[in-house]
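Here's the structure we're looking at; comments come further down.
The values are calculated or read from the model by the stated rules, or taken from the named source; none is laboratory data. Note that the structure is predicted; figures quoted are calculated from it, not measured. Every residue, glycine as well, gets a Cβ built from its backbone with ideal geometry; the counts of neighbours run over all protein chains shown.
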Amino acid sequence: MRLTTAFLAGLAVLAAPAALAHTGVHPLDGFLAGFTHPFAGLDHLLAMLGVGLWAAAVAPRRAWLLPLVFVAVMAAGAGLAVAGLPLAGEETGIAASVLLLGLLMASMARLGIGHAALLVGLFALFHGHAHGAEMAAGADFSAYAAGFAAATALLHIAGIALGWSLLRVPVLYRGLGGLMGAWGTFLLFA
């Protein structure tokens with residue numbers, strides 16, 4: 001009983017930063033606001049690390065491809081939000097990206113690079129739209145987008161490096177995927 005209570009309390013504590021990533025209020029403007037946004041919520045942080053982690057398994061010699069697709073589509077998604085075009089199910093899509101990346105890692109799924117890129121692009125659309133929607137009114141979109149693109153690329157690189165290390169001990173890679181999938185499930189139903 002105590003373990004269950006401690007686990008649920010831990011999830012509640014971790015949920016707070018995920019909720020804060022989408023407040024619509026940033027005291028910062030431009031590049032710095034864009035750069036800090038991916039770190040402000042566990043949902044974004046896990047998905048962006050997850051893309052790198054999964055890329056390390058899907059295409060070890062071309063691991064940069066999935067992050068490249070993610071960053072490009074994420075920027076397009078942000079542009080849609082800034083242009084005022086809505087995206088239905090944005091938060092659900094973000095939570096689902098965490099869940100699915102976790103499941104893909106836990107199962108060691110190795111889709112073809114084209115299918116993997118399509119899936120990662122879909123995830124990026126939701127994350128990018130959220131980033132664009134969170135941009136402060138009057139902020140410079142170019143600077144803001146450069147900030148979140150740089151942060152995302154760094155998180156992808158960290159994920160790739162971690163993935164290459166963890167793939168040497170598959171049980172650790174799968175376990176991390178399982179934890180990520182569990183967090184994604186929590187986000188979907190919280």
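For this structure, a couple of remarks:
Per-residue answers, yes or no, for (1) closer than 28 Å to residue 31 by Cβ; (2) modelled with pLDDT under 95; (3) assigned to a helix (DSSP H, G or I):
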| site | (1), (2), (3) |
| --- | --- |
| 105 | no, no, yes |
| 118 | no, no, yes |
| 129 | yes, no, yes |
| 138 | yes, yes, no |
| 159 | yes, no, yes |
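- Put simply, of 125, 80 the only residue that is under 18 Å from residue 34 (Cβ atoms), in contact with a Pro (Cβ under 9 Å, 6 or more places away or on another chain) and hydrophobic (A, V, I, L, M, F, W, C) is 80.
- Those residues of the range 141-174 which are among the hydroxyl-bearing types (Ser, Thr, Tyr) and more than 18 Å from residue 108 (Cβ to Cβ), in sequence order: 142, 144, 152
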